[in-house]
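Visitor: Got a structure for you, written out below as structure tokens; questions coming shortly.
The values are calculated or read from the model by the stated rules, or taken from the named source; none is laboratory data. Keep in mind it's a predicted model, so treat the numbers as computed, not measured. Ideal geometry is used to build each Cβ from the backbone, glycine not excepted, and the neighbour counts take in all protein chains shown. Note: areas computed on protein heavy atoms with side chains; ligands, DNA, RNA excluded. Shrake-Rupley method; radii C 1.70, N 1.55, O 1.52, S 1.80 Å.
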Amino acid sequence: MAEEHINFRGQPRLPNFAVPRHYDIFLMPDLSACLFSGSVTITIDILLPTRFLVLNAADLSTDAASICLTTTAITDSISLVSTEVVEEDEILVLQFDSDLPLGQSLLRIAFSGTLNDEMRGFYRSKYEYKGEEINMAVTQFESVDARRCFPCWDEPAFKAKFKITLEVPSELVALSNMPISEEKLNGDLKTVSYDESPLMSTYLVAIVIGHFDYIQGHTPDGVQVRVYTQVGKTDQGKFALDVALKSLNLYKDYFAVPYPLPKLDMVAIPDFAGGAMENYGLVTYRELALLFDEQLSSAINRQDVAITVAHELAHQWFGNLVTMEWWTHLWLNEGFASWVSYLAVDAIFPEWKIWTQFLDETSSGMTLDALSESHPIEVEIKHANEVDAIFDSISYEKGASVIRMLHSYLGADCFQKALASYIKKYAYANAKTEDLWAVLEEESGEPVKDLMSSWTKQQGYPVIFVKMNSNKLHVCQEQFLSDCSSAFGTWIVPLTLCCSSYENSKKLILTSKSDELDIDDLIINKKGKQETFWLKLNTNQTGFYRVKYDDELAAGLKYAIQADKLSLMDKIGIIDDASALCVACKVTLSSLLSLLDAYSMESDYTVLSRVVSVSLEIANMVDDATPDLSDKIKLFLIKLLKTPAEKLGWDVKEGESHLDTMLRAELLMALVRLGHINTVKEGIRRFHIFLNDRNSSVLPPDIRKVAYVAVMQKCTLSDKYGYESLLKIYREADQSQEKVRVLGSLASCPDKSIVLDALNFLLTDEVRNQDAFHGLNVTNQGRKTAWEWLKENWEYISKTWVSTSLISDFINSIVSLFASYEKIREIEEFFKNRVKPTFERALKQSLETVKTKAHWIEGVRSDESLAEVVSYLAGKA
Ligand code: BES
Ligand code: ZN
């Protein structure tokens, strides 16, 4: 028997000789026993003669006697010969005694399972209701976990219609993708049936059952939108509801298709592996990504909620209505939803300069994609267990960034028109990357496919070296890798540049390795005005590439920054490129520090926020690289950040902008992390006032974590008062955002035994599994302790945090702290027999990050002018 199944095993995809058209699903969860039972009747279409049906199922007990195939064709009765579960492939192979008749059949299967604790499939989440801890039942199916709830063809291309019926305790709210069609009460239970869904993929099916309150609104065209929260907390849903209503309206116009379902529910789930999930018509969120409390939440919380809601709602079109044909095209979902979410948030909150903040996305995409262990945007998926690992900065941030690049190349109008026709053409169906390029090509007349394939089919991106010789610009591309190893990619690069003014600009396409550009027309005014000449490539950083200027051009840009000639995006791009080039040892640390000095007059959040992250990256490295100079380097960085921090002060000014509020928190936190005594002291002073009076205004949510980290930095074994007070605040906090602020500061302590205590706390029942990663915010001082702790507890950790994103966080947060080749060998040795597909990619990437840092340190040690430059910069008034 097994031999006959052999060709179904280890396959990336299910055979498609039979396809599902309709699912009738019945589920009955037992919320106290954490069990469920159910049945599914699937209308299937047999397309080719076969004796087999192969579908997905995992962690389910299927009752073989219940399996029944009813064919509509009049044939001799067909009986089931065997059912086999192939655990490693999560498939169920049904063999019949003769070929199944072509056309429609009904396959019925009864099954049962456990409401698990893994935050995937059909799971339970714990919450407090009327003073008691109870369970709710929730689903999370993306990417490949619908099969843990009911047997199904669990691949995005097998779209079908779903008709769901639940039997649940009558006092509970029971939600699914569609509105309720009928509710029948029978004793303590009720049977709830929902309308049939439109054609959709299995990973978007959803169910939520528990006690909830809601608030609601309607879009102008009558779509009912609700935010469900824990009982009594609907106020916290108001902000998200407002963003949802506005986004839906905006997307309807942008995609030129109305929201396809009659209702949209959004629910906050207390235990949730990711940030949010775009289930069709029933979007689920972790609490801190949906709920906003006017008193307890911060400006950054507000922005995160807006971006998350806008992202998930964009998926209702991009992802749900038009779905990727296979996981190779995941980026079509995630890259697009990310990009579009900025479009929506920019329209709703123009004062947030969200497109300038978007450069954070580009930068994190570039950081990951500068590793040899990166992958192309379009990535081959050979097995279902590889899918979760590609929900990473390549699919999201690089994906979104190359879309921005194309958008800027083709122009907003043309791009929008093409997207609208793409959505119309593939609605209720599936599409591949090339289908999108074809539509864009038709609309624009440009060779979109060739241009974009160079960005989506090969990993990495180029650094463009620019040199100027009289009026000729020499450009040359080379693949950018952080550890400086060589690679041979070439890209079709949409180049933009401007010269001494944004009016003076040029656009062209670089198709070869190198080129010489005549820019005579742009630099007429170079002569005689030598000192004010500057040339910037990649105007407003719309391209996904870095630029390395020759010394003369670099000096011109430094002048332009100081003289405030550049856009915010360009100022960000220059420092971001320089710092990445420094890590890759292509720019010296002394030049990077001198460049940072040019930002000393800056006051804008978006730019300073990048200056802060570059500063902290340097500060973290110099302890290892040049301990003798590290204090002086930090002194310089403190000086750089102190001026704008002092301008803002600690207290919120009336009517101040969203961005200034966020800037204050970033600057003060950076000063604390750099060890600036007065900031640390002031943080501690405010903490004590706050501790005695939680309503005091000295520590608003925006700067609370600054004070928490300051307290932890001064905490010692003999004086653990600060640590214990923070635990008390954690225990008393009723709001996820506040709990996360505390968790994120506990390990920021120089004392190793306190770090160990803080890490052990993460493994207790007091911290939800979804939140533990926030507590892995260890500093260099705690990294050895953290690594020993990780090894010691690995068995428990790897069993408890099974989802790719969460287990990868443990590895990334701890492994990436190191900066030496010896440590790489030690870590590799430890994981040699422990590695699993879920975190293999994360481990390799973290190790490569360590290697990059080790290499950077060598580069910094050979920087001969460093001591002199640092003395000069640190000593300057
Ligand atoms: N589709 C994802 C959710 C998801 C992520 C499912 C990983 C399976 C694996 C959702 O749309 C998403 O992208 N959520 C983000 C938040 C968003 C604002 C970027 C998340 O969960 O972090
Ligand atoms: Zn998404």
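Visitor: For the pair Leu35 and Ala64, what calculated FRET efficiency results from E = 1/(1 + (r/R0)^6), where r is the Cβ-Cβ distance and R0 = 25 Å, to the nearest 0.05? Show your work: numbers first, answer last.
Guide: On the way: r = 19 Å, r/R0 = 0.78.
Efficiency for this residue pair is about 0.80.
Visitor: So how far apart, in nm, are the two label points at Gln295 and Ser871 if each is 7 Å from Cα heading toward Cβ?
Guide: Inter-label distance under the simple model: 5.7 nm.
Visitor: Let me ask something else about it. Packing-wise, with mean Cβ within 10 Å as the measure, how do 263-275, 190-202 rank, highest first?
Guide: Ranking the peptides 263-275, 190-202 by packing returns 263-275, 190-202.
Visitor: May I ask for log10 I(q)/I(0) of the chain at q = 0.05, 0.09 Å⁻¹, from a Debye sum over the Cα atoms as equal point scatterers with solvent left out?
Guide: -0.29, -0.97
Visitor: Which trypsin sites (Lys or Arg not before Pro) from the range 106-180 combine a DSSP loop assignment with at most 13 other Cβ atoms within 10 Å?
Guide: Counting only loop positions with at most 13 other Cβ atoms within 10 Å, the trypsin sites (Lys or Arg not before Pro) in the range 106-180 are Lys130.
Visitor: Using the beta-carbon distance between Glu442 and Arg694 and R0 = 60 Å, what value does 1/(1 + (r/R0)^6) give for FRET efficiency, to the nearest 0.05?
Guide: 0.50
Visitor: What percent does the relative contact order of the chain come to when contacts are Cα pairs within less than 8 Å and at least six residues apart?
Guide: That works out to 8 percent.
Visitor: To continue, here is another question. Rounded, prolate or oblate: which one fits the range 89-199, using the alpha carbon gyration tensor with axes a ≥ b ≥ c (rounded when a/c is under 1.5, else prolate when a/b beats b/c, else oblate)?
Guide: Values: a/c = 2.18, a/b = 1.59, b/c = 1.37.
Prolate is the answer for the range 89-199, as a/c is 1.5 or above and a/b outweighs b/c.
Visitor: A further question follows. Reachable lysines from Lys184, Cα under 22 Å, same-chain residues fewer than 8 places away excluded?
Guide: Lys163, Lys263
Visitor: Relative to the present Cα-Cα distance, how much length would full extension add between His474 and Ser657 at 0.36 nm per residue of separation? Present the calculation step by step, with values, prior to reporting the outcome.
Guide: Values: separation 183, 0.36 × 183 = 65.88 nm, distance 4.28 nm.
Extra length from His474 to Ser657 when fully extended: 61.6 nm.
Visitor: When the accessible area of the range 414-543 is split by element with a 1.4 Å probe, what percent falls to carbon and sulfur?
Guide: Carbon-and-sulfur percentage of accessible area, whole number: 49.
Visitor: While we're here: Pulled fully out, how much extra length does the chain show between Thr490 and Leu763, if you take 0.36 nm times their separation in residues and subtract their Cα-Cα distance?
Guide: 93.6 nm
Visitor: Using R₀ = 60 Å, calculate the FRET efficiency as 1/(1 + (r/R₀)^6) where r is the Cβ-Cβ separation of Glu171 and Arg9; round to 0.05.
Guide: So the FRET efficiency works out to roughly 0.85.
Visitor: When the convex hull of the Cα atoms of the range 443-597 is projected onto a plane and the area is averaged over all directions, what value comes out in nm²?
Guide: Computing the convex hull of the Cα atoms and averaging its projections yields 9.7 nm².
Visitor: Could you give me the ³J(HN,Hα) list for the range 481-487, computed from phi with Karplus coefficients 6.51, -1.76, 1.60 and θ = phi - 60°, whole Hz, x at Gly and Pro?
Guide: Calculated HN-Hα couplings, in order: 10, 4, 8, 6, 6, 9, 8 Hz.
Visitor: For Ser600 and Lys799, calculate 0.36 nm times their separation in residues minus their Cα-Cα distance, and state this gained length in nm to one decimal.
Guide: 66.8 nm
Visitor: Using a 1.4 Å probe, what is the accessible area per residue for the chain, in Å²?
Guide: Computed with neighbouring chains in place, this is 38 Å² per residue.
Visitor: I would also like to ask the following. Can you give me the distance in nm between label points at Glu128 and Ala427, each placed 7 Å from the Cα along the Cα-to-Cβ direction?
Guide: With each label point 7 Å from Cα toward Cβ, the separation is 4.7 nm.
Visitor: Turning to a different aspect of this structure: Quick one: of the DSSP bridges fully inside the range 255-329, what percent are antiparallel, nearest 5? Let's see the in-between values first.
Guide: Details: 2 of 8 bridges.
Antiparallel: roughly 25 percent of the beta bridges in the range 255-329.
Visitor: A further question on this structure: Taking the Cα atoms of the range 354-455, what is the range of coordinates along each of the three principal axes, in descending order and whole Å?
Guide: Here the Cα extents, ordered largest to smallest, are 36, 35, 25 Å.
Visitor: Here is a further query. Sort 28-39, 376-387 by the packing proxy (mean of other Cβ within 10 Å over each peptide's residues), most packed first.
Guide: Result, highest mean first: 376-387, 28-39.
Visitor: Let me ask something else. Compute and list, largest first, the equivalent-ellipsoid semi-axes of the range 277-378 from the alpha carbon gyration tensor, each √(5λ) rounded to a whole angstrom.
Guide: Working: eigenvalues 118, 72, 33 Å².
That gives 24, 19, 13 Å for the three semi-axes.
Visitor: Then there is this: Aspartates and glutamates near Lys425 by alpha-carbon distance under 16 Å, same-chain residues fewer than 8 away left out - which ones?
Guide: Cross-link targets: Glu325, Glu434, Asp435, Glu441, Glu442, Glu443.
Visitor: Return the aspartates and glutamates within reach of Lys752: Cα separation strictly under 15 angstrom, same-chain partners fewer than 8 residues apart disregarded; answer none if there are no such residues.
Guide: Asp719, Glu788
Visitor: Right, another one. Indicate, rounded to the nearest 5 percent, the antiparallel portion of the DSSP beta bridges found entirely in the chain.
Guide: Approximately 80 percent, going by the DSSP bridge assignments.
Visitor: Can you pick out the pairs among Lys791/Lys832; Lys642/Lys876; Lys126/Lys233; Lys159/Lys449 whose Cα atoms lie more than 20 Å from each other?
Guide: Working: Lys791/Lys832 13 Å; Lys642/Lys876 14 Å; Lys126/Lys233 17 Å; Lys159/Lys449 27 Å.
Beyond 20 Å between Cα atoms: Lys159/Lys449.
Visitor: Express the carbon and sulfur contribution to the solvent-accessible surface of the range 57-141 as a percent, rounded to the nearest whole number, probe 1.4 angstrom.
Guide: It is 45 percent, rounded to a whole number.
Visitor: Using the per-residue mean of other Cβ atoms lying within 10 Å as a proxy for protection, in what order, highest first, do the peptides 759-766, 341-348 fall? Intermediate values should be presented prior to the final figure.
Guide: On the way: 759-766: 14.9, 341-348: 20.6.
Put in order of decreasing packing, that is 341-348, 759-766.
Visitor: Grab the other residues whose beta carbon is less than 13 angstrom from that of Thr588, score K and R as +1, D and E as -1, and report the net.
Guide: For residues surrounding Thr588, the net value is -2.
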